[in-house]
């Protein structure tokens, strides 16, 4: 998964066709829990570009997007937020897939 490099990079990526930002941190145990399933999810949803956002490095962006729990996912389609899966709870593969499937129906 590509890592977000800057706010300019965020603006560029969110304006692309379908981008899902995953907000995470190295110290987060719930984030580490889902790490092994992320390559499979990326492979199963090739229509999306998945971007890793380090919560500590981009804390201002997290505030702007009201992301106060990690791991969390925010999807953009052509610059418009298409959906979010944001809370402080551990995510499962099934929950992440259900979120992405819901996006597919919207965009």
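So here's what we get for this one:
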quantity: Rough spin-label spacing in nm, given labels placed 7 Å along Cα→Cβ, for residue 89 and residue 26; calculated: 3.0 nm
quantity: Spin-label proximity, residue 97 to segment 34-74 - amide N less than 19 Å from point 7 Å beyond Cα toward beta carbon; calculated: 34-50, 73
quantity: Gyration tensor verdict on segment 48-107 (Cα atoms; rounded if a/c is under 1.5, prolate if a/b is larger than b/c, oblate otherwise); calculated: oblate
quantity: Stretchable slack from residue 78 to residue 5, in nm (0.36 nm times residue separation minus alpha-carbon distance); calculated: 24.3 nm
quantity: Largest-first ellipsoid semi-axes for segment 1-72, taking √(5λ) over the Cα gyration tensor eigenvalues, angstrom; calculated: 18, 17, 9
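The numbers here are math on the coordinates, done by the rules we state, and not lab data. Predicted model only: the values in this text are computed from it and were never measured. For neighbour counting, all protein chains shown are included, and Cβ atoms are generated from backbone atoms with ideal geometry for every residue, glycine included.
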